[in-house]
Amino acid sequence: MISSVITIIGAGPAGCTAAMALSKAGIPCTIIDQAIFPRDKVCGDALSGKVVLTLKRLHDDFPNQLGNDNNNLASHGVTFIAPNGKELNVPFRREMDLTTPPGFLSKRIHFDNWLFEQTKSSPHVNIITGVRIEKFEKKDTTWTLSDKERKTIIESQLIIAADGAQSRFAKQYGGIIPEADHFCAGLRAYYKGVKGLDKMGFIELHFVKEFLPGYFWIFPLPNGDANVGVGMRSDVVGRKKINLKDEMLHLIATHPILKGRFADATIDGTLHGYGLPLGSKKRKISGDGFLLLGDAASLIDPFTGEGIGNAMISGLKAAEIIISKWKDKNFDAENLKAYDIEVYKRLWPELNLSKKMQELVKYPWLFNLIVNKANRSKTLKETISCMFEDIDLRSRLKDPFFYLKVLFE
Ligand SMILES: Cc1cc2nc3c(=O)[nH]c(=O)nc-3n(C[C@H](O)[C@H](O)[C@H](O)COP(=O)(O)OP(=O)(O)OC[C@H]3O[C@@H](n4cnc5c(N)ncnc54)[C@H](O)[C@@H]3O)c2cc1C
């Protein structure tokens, strides 16, 4: 039997961030993962500026380490390809306090392993891997966690559930039931030999008319490899009975531009699917003796599909709340609800705006119009460039004077 005041389930970006932030404050925890690292995670592998900034908060040198690792490719922007085929290149804005590139592309098998190794070498962190937690029992203020065979038993006062999109804990205790209109289905494959990948690591988001409201992506990776995938909201997939795998392969084989770029490309491994729990709805993400983090708390951006940065931010917020309650160790629901407030104070303005922007892909003509216009308008281009990072600028989209300015520019 292991006794640990805090147990974190899941050593992905959310769990590792929480563990490292607690460790920095001298607070011990146990972090447990079913996988043995390095392990893969189905993802687009795009690390936004939000990830880089959060890493810097954990350790000043982390962004440099990311930049000096050949497993990672610097990413300087995004290219949107509108339904009419027109392209809009939008450079990412570099954060003022960063000397490294604004974003990176890194296969999760590498990035998560690097993060895991940093966590492992942090003081006060007890790591258990290769054990899947299946049972959670609570008596008074004590949780008992165990695997199926009860070979590993942990007693804790606080559970940090960072166990991803299929979190058992979030379902059982957090009451978070996946809802198709707040959930996205995603597919990812690695390809070799895709032509025309951007030299500056621009990621490509293709909004193909026949595939709307879904999107198709090509993200460049080191050594000329590419992460290729599709995403579509689960309610649409269900309603239209879409086979995402067939659609993705069909696009690659027949789309007038894509087929040429994939003419000599070969798939490396197989196609894998996984869900994206979207943060398009506020949820209760804490309760008596527990906090939900990252995908377990459904925090993925509904427009950009970005979840790593938000997961890491929730890890930082969880640590901040625990540090403030550590003295009296009162982890009741009332005391922990500050976590919900802090997470949504930071993330809700952009999640809410992204939810509205998700609507845009329903209207191809409007999308085309914006891309055409943005190619000519400095104001609009600047706004979109900051869209991924800066909520104040994104809020401009709600201001009627902004549109007037763009129209007359
Ligand atoms: C197709 C696709 C494309 C995406 N593209 C991007 C992208 O390009 N950029 C981006 O920022 N985000 C992207 N995301 C979202 C991103 O992958 C997630 O938001 C992110 O991984 C969330 O981190 P997390 O730590 O919450 O969960 P995870 O990374 O899923 O980690 C959860 C961990 O918990 C462990 N675990 C689960 N259950 C148990 C258990 N019972 N016991 C013990 N351990 C357990 C797992 O082994 C895992 O290590 C994408 C997602 C998908 C599906």
Are there any pairs with C-beta distances below 6 angstrom linking a residue in segment 287-300 that is surrounded by fewer than 24 Cβ atoms within 10 Å (Cβ to Cβ) to a residue that is among the acidic types (Asp, Glu), with the two at least 6 apart or on different chains, and if so which? Asp288/Asp332
Under 6 Å between Cβ atoms, which residue pairs at least 6 apart in sequence (or on different chains) link something in segment 306-323 that is more than 13 Å from Lys24 (Cα to Cα) and free of Cβ contacts under 8 Å to residues at least 24 places away in the same chain with a partner that is among the aliphatic types (A, V, I, L, M) and more than 7 Å from the ligand (Cβ to nearest atom)? none
Is there a residue in segment 12-22 that is farther than 15 Å from Glu117 by Cα and either more than 7 Å from the ligand (Cβ to nearest atom) or touching a helix residue (DSSP H, G or I) at 6+ places or on another chain (Cβ under 7 Å) (or both)? yes
Among the candidates Ser122, Ser146, Ser167, Ser106, which residue alone is modelled with pLDDT of 95 or more, among the small types (Gly, Ala, Ser) and under 21 Å from Ile27 (Cβ atoms)? Ser122
Hits in segment 24-52 - residues which are away from the ligand (no atom under 13 Å from the Cβ) and surrounded by fewer than 20 Cβ atoms within 10 Å (Cβ to Cβ): Lys24, Ala25, Gly26, Ile27, Pro28
Positions within segment 278-311 being assigned to a strand (DSSP E or B) and either at pLDDT below 95 or more than 7 Å from the ligand (Cβ to nearest atom) (or both), in sequence order: Leu278, Ser286, Gly287, Phe290, Leu291, Leu292
Specify the residue that is modelled with the lowest pLDDT; the eligible residues are those in segment 17-56 that are charged (D, E, K, R) and under 18 Å from the mean Cα position of the chain (by Cα). Lys50
Taking first residues from segment 170-196 that are without any contact (Cβ under 8 Å) to a residue 40 or more places away in the chain and second residues anywhere that are assigned to a loop (DSSP other than H, G, I, E, B), the pairs with Cβ under 8 Å that are 6 or more apart or on different chains are Lys171/Ile177
Residue list for segment 204-241, restricted to those being more than 12 Å from the ligand (Cβ to nearest atom) and in a helix (DSSP H, G or I): Lys209, Glu210, Phe211, Pro222, Asn223, Gly224, Asp235, Val236, Val237, Gly238, Arg239
Residue that is nearest to Tyr215 (Cα to Cα) [pool: residues in segment 244-281 that are within 24 Å of the chain's Cα centre (by Cα) and exposed (fewer than 12 other Cβ atoms within 10 Å of the Cβ)]: Thr270
Can you find a residue that is assigned by TED's automatic domain parsing to the domain that holds Lys24, among the charged types (D, E, K, R), out of contact with any Phe, Trp or Tyr (no Cβ under 8 Å at 6 or more places or on another chain) and not in a strand (DSSP E or B) anywhere in segment 75-90? no
Residue that is farthest from the ligand (Cβ to nearest atom), among those in segment 118-152 that are among the β-branched types (Val, Ile, Thr) and closer than 20 Å to Ala19 by Cβ: Val125
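Does Leu353 satisfy the condition of being more than 16 Å from the ligand (Cβ to nearest atom), under 19 Å from the mean Cα position of the chain (by Cα) and hydrophobic (A, V, I, L, M, F, W, C)? Give the steps one after another, and end with the answer.
Details: more than 16 Å from the ligand (Cβ to nearest atom): yes; under 19 Å from the mean Cα position of the chain (by Cα): yes; hydrophobic (A, V, I, L, M, F, W, C): yes.
Answer is yes for this residue.
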Please determine, by comparing only the residues of segment 64-91 that are crowded, with 22+ Cβ neighbours inside 10 Å and of a type outside the set (A, V, I, L, M), which one is nearest to Asn372 (Cα to Cα). Ser75
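The values are calculated or read from the model by the stated rules, or taken from the named source; none is laboratory data. Just so you know, these numbers come straight off a predicted model, no measurement behind them. Because the Cβ atoms are built from the backbone with ideal geometry, glycine has one as well, and the counts that use them run over all protein chains shown.
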